[in-house]
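The values are calculated or read from the model by the stated rules, or taken from the named source; none is laboratory data. Predicted, not measured: the structure shown is a model, and the values here were computed from it. Virtual Cβ from ideal backbone geometry, glycine too; neighbours counted across all protein chains shown. SASA here: full protein model, heavy atoms, side chains in, ligands and nucleic acids out. Shrake-Rupley method; radii C 1.70, N 1.55, O 1.52, S 1.80 Å.
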Amino acid sequence: MIINGRVTFLENGINTSIRAMQVQSQLMAMTNENINGFDKVGYQRQEPVVSSFTEFLGIHGLSQTSDDKVGRIMMTGNPLDLAIATKGYFQTQSDEGVKLTRDGRFKIDKEGNLLTLEDHLVLSNAGVPIKLHVVPDDLKKITVDDSGLLSVYNVKTNKLEPVATIGVVDNNGALVMTPKVKQGYNEYSNVSLQNEFISLMPVIRNFEANRQLFMIQNQNLQKAISQLSSTS
């Protein structure tokens, strides 16, 4: 702000504080999303990426990427609960196209289709939906080895018959050759609550500091305008 017989308002300071508060608010939202995803099966922590020009771009200088580290794997005992003990994703087919997920909570419909909880078709390593030729009365008759090969016990032949290999791919869609599929397990998020709360503290402090700067600048501007108007 410059006073030379008139008031010329320089908005850089106030705008910078506002942009900084917007950025810190977005960072807090990302952290809260991770905290909320702590107990979600297959959830991957979202890592904020801050551009070198964020102070000029504001929230447009922010982006995020997924942390693909393996999360907490816990036993469930359900034969159709599958977890990937390495990096990779299950392939599923929805109305919007092929989607990737680490949520391996699957089910089987009456026709023998292997489905996700959202009724999306689970794809094999050949990219086609997996359909069991025999629908067992007991899910324990279904086995999945660490390569993802799904087999079902056929009471008519008294044999364990292979159905298909569940497709596990990386971020680029390439097949993972050793997916280390674990049957009867769920993978929970790779979020560490302690780390999230620790990372949240400086963000909150920075937000409060910029809020104080904004208030000081705003009060100084109001004071200057009030004094000029009283002397006129």
Q: With a 1.4 Å probe and every protein chain kept in, tell me what percent of the accessible surface of the chain is carbon plus sulfur.
A: 54 percent
(Q) Using Stokes-Einstein with the Kirkwood hydrodynamic radius over Cα pairs, what translational diffusion coefficient do you get for segment 139-232 at 10 °C and a viscosity of 1.306 mPa s, in µm²/s rounded to a whole number? (A) 80 µm²/s
(Q) Among 66, 26, 78, which residue has its Cα furthest toward the positive end of the charge dipole of the chain, with +1 on Lys/Arg Cβ and -1 on Asp/Glu Cβ? (A) 26
Q) What chymotrypsin sites (Phe, Trp or Tyr not before Pro) in segment 17-120 are in a loop by DSSP, with at most 14 other Cβ atoms within 10 Å of the Cβ? A) 53
Q: Work out the charge dipole of the chain with +1 on the Cβ of Lys and Arg and -1 on the Cβ of Asp and Glu about the Cα centre, then indicate which of 54, 183, 201 is farthest towards its positive end.
A: 201
(Q) So if I take the centroid of the Cα atoms in segment 23-66 and the same for segment 161-203, what is the distance between those two points in Å? (A) 19 Å
**Q.** Under the Karplus curve 6.51 cos²θ - 1.76 cosθ + 1.60, θ = phi - 60°, whole-Hz ³J(HN,Hα) for segment 164-179, x wherever Gly or Pro sits
**A.** 5, 9, 5, x, 10, 10, 8, 4, 8, x, 7, 5, 8, 6, 10, x
**Q.** Kirkwood hydrodynamic radius (C-alpha pairs) into Stokes-Einstein, the chain, 20 °C and 1.002 mPa s, D in µm²/s
**A.** 100 µm²/s
Q. Can you list the HN-Hα couplings for segment 37-43, worked out from phi with the Karplus curve (6.51, -1.76, 1.60; θ = phi - 60°), rounded to whole Hz and with x for Gly and Pro?
A. x, 4, 9, 8, 5, x, 6
Q. Given +1 on the Cβ of Lys and Arg, -1 on the Cβ of Asp and Glu, and no further charges, what dipole in debye does the chain carry about its Cα centre, rounded to the nearest 20?
A. 360 debye
Q) Using modelled amide H (1.01 Å from N, peptide plane; none on Pro or chain starts), what sits under 5 Å from the amide H of residue 73, excluding residues fewer than 5 places away? A) 188
Q: List the residues whose amide H sits under 5 Å from the amide H of residue 113, counting only those 5 or more places along or on another chain, with H placed 1.01 Å from N in the peptide plane.
A: 132
Q.
For a quick check, take a GNM of the chain with Cα springs below 10 Å and name the residue from 49, 191, 163 with the largest mean-square fluctuation.
A. 49
Q) Which ³J(HN,Hα) values in Hz, rounded to whole numbers, follow from the phi angles of segment 69-86 under the Karplus curve 6.51 cos²θ - 1.76 cosθ + 1.60, where θ = phi - 60° and Gly and Pro get x? A) 5, 5, x, 7, 9, 10, 6, 10, x, 7, x, 9, 8, 10, 10, 9, 8, 9
**Q.** Long-range amide H partners of residue 124 with built H, under 5 Å
**A.** 130, 167
Q.
Could you identify which residue out of 183, 26, 222 has the top mean-square fluctuation in a GNM of the chain using Cα springs shorter than 10 Å?
A. 222
Q: Using a/c under 1.5 as the rounded threshold, could you call segment 111-157 rounded, prolate or oblate? The axes a ≥ b ≥ c are square roots of the C-alpha gyration tensor eigenvalues, and prolate needs a/b larger than b/c, oblate otherwise.
A: prolate
Q | Accessible solvent surface per residue of the chain, calculated while the other protein chains remain in place, 1.4 angstrom probe, Å² | A | 59 Å²
Q: For the chain, set up a Gaussian network in which alpha carbons nearer than 10 Å are linked by springs, and say which option among 122, 155, 134 fluctuates the most.
A: 155
Q: Against the globular-protein guess of 2.2 N^0.38 Å, express the Cα radius of gyration of segment 18-100 as a ratio, rounded to two decimals.
A: 1.43
